[in-house]
């Protein structure tokens, strides 16, 4: 799921970086494609809708820095919102002396390999 989503997002942002000036219509078209990519990757509709709305609000309200191309600025905004959506900073695990962890998944999905790593 993640590799396919990553490939689609790279294609979308590559196209966006090709524009010298980013207009509202360019942003709308790119975010429409991002929303479709998120939905195809089984992201909840409400989560995708709110995420796209936050990215669009920041993208339209932000002034473009002279040292950064407009397409790169959209990627930066998208990255920041994605990190915020996924929880931001990683929390360390506070495991007791004896801790049990349940790993669930389909046959052949890599449970044993992940546990060994």
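Listed here are the residues, each with its yes/no results for (1) without any contact (Cβ under 8 Å) to a residue 40 or more places away in the chain; (2) surrounded by 10 or more Cβ atoms within 10 Å (Cβ to Cβ); (3) within 17 Å of residue 5 (Cβ to Cβ).
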{"site": "35", "(1), (2), (3)": "yes, yes, yes"}
{"site": "40", "(1), (2), (3)": "yes, yes, yes"}
{"site": "58", "(1), (2), (3)": "yes, yes, no"}
{"site": "61", "(1), (2), (3)": "yes, no, no"}
{"site": "76", "(1), (2), (3)": "yes, yes, no"}
{"site": "80", "(1), (2), (3)": "yes, yes, no"}
{"site": "102", "(1), (2), (3)": "yes, no, no"}
{"site": "105", "(1), (2), (3)": "yes, yes, no"}
{"site": "111", "(1), (2), (3)": "yes, yes, no"}
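Of 31, 38, all but one fail to be under 11 Å from the mean Cα position of the chain (by Cα), at negative phi, at pLDDT 80 or above and assigned to a helix (DSSP H, G or I); the exception is 38. For the residues 55, 43, the requirement of being closer than 30 Å to residue 109 by Cβ and at pLDDT 85 or above singles out 43. Listed by first and then second residue, the pairs with beta-carbon distance under 8 Å, at least 6 apart or on different chains, first residue in region 42-53 and at negative phi and touching a residue at least 60 places away in the same chain (Cβ under 8 Å), second assigned to a loop (DSSP other than H, G, I, E, B) and exposed (fewer than 11 other Cβ atoms within 10 Å of the Cβ), form an empty list.
The values are calculated or read from the model by the stated rules, or taken from the named source; none is laboratory data. Bear in mind that the values here come from a model prediction, so they are computed numbers and not experimental data. Cβ atoms come from the backbone with ideal geometry, glycine included; neighbour counts cover every protein chain shown.
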